[in-house]
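Asks: First the structure, then my questions, so here it is.
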Amino acid sequence: MGPVMSPVTHDVHLNVLGPWEVSVAGRPVVVPSGRLQTLLAGLLLSEGQPVPVGTVAEQLWPEAPPLRARATIHTYVTRLRKLRAVEADGPRV
């Protein structure tokens, strides 16, 4: 798995001041707390730029990444893509 690409940010909005709120195309999206929120915030801060997997691993596990960090990151990215696709009325390629 190469660098993780951040989501296109023109239709994804994240509010972290106050309650954590995410919207896609103006519709609220429920992102489970924890590492999925950390991953999404890190990718949105990169605004369309590739993020090396090592950087993502450092953001998610500052102490030490698990042995299968790459596979776990892939799973988290897949989950975020599914959330975004469902909320945007269909899968996006």
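Asks: Within segment 9-25, which residues are without any contact (Cβ under 8 Å) to a residue 12 or more places away in the chain and either part of a loop (DSSP other than H, G, I, E, B) or under 13 Å from L43 (Cβ atoms) (or both)?
Replies: H10, L17, G18, P19
Asks: Another question, then. Do we find a residue being touching a strand residue (DSSP E or B) at 6+ places or on another chain (Cβ under 6 Å), without any contact (Cβ under 8 Å) to a residue 60 or more places away in the chain and not in a loop (DSSP other than H, G, I, E, B) anywhere in segment 61-79?
Replies: Within segment 61-79, none of the residues are touching a strand residue (DSSP E or B) at 6+ places or on another chain (Cβ under 6 Å), without any contact (Cβ under 8 Å) to a residue 60 or more places away in the chain and not in a loop (DSSP other than H, G, I, E, B).
Asks: Return the total of residues in segment 44-60 being closer than 21 Å to D11 by Cα, among the hydrophobic types (A, V, I, L, M, F, W, C) and either surrounded by 17 or more Cβ atoms within 10 Å (Cβ to Cβ) or touching a strand residue (DSSP E or B) at 6+ places or on another chain (Cβ under 6 Å) (or both).
Replies: 2
Asks: Could you tell me how many of the residues in segment 3-21 are closer than 21 Å to T72 by Cβ and either open to solvent by 40 Å² or more (accessible area, probe 1.4 Å) or at pLDDT 85 or above (or both)?
Replies: 2
Asks: Before we move on, is A41 at pLDDT 85 or above and open to solvent by less than 90 Å² (accessible area, probe 1.4 Å)?
Replies: So A41 passes the test.
The values are calculated or read from the model by the stated rules, or taken from the named source; none is laboratory data. Just so we're clear, the structure is a prediction, and the values are computed from it rather than from any experiment. Please note: Cβ atoms are built from the backbone with ideal geometry, for glycine as well, and neighbour counts cover all protein chains shown. For the accessible areas, the whole protein counts, side chains as well, though only heavy atoms, and no ligand, DNA or RNA atoms are used. Shrake-Rupley method; radii C 1.70, N 1.55, O 1.52, S 1.80 Å.
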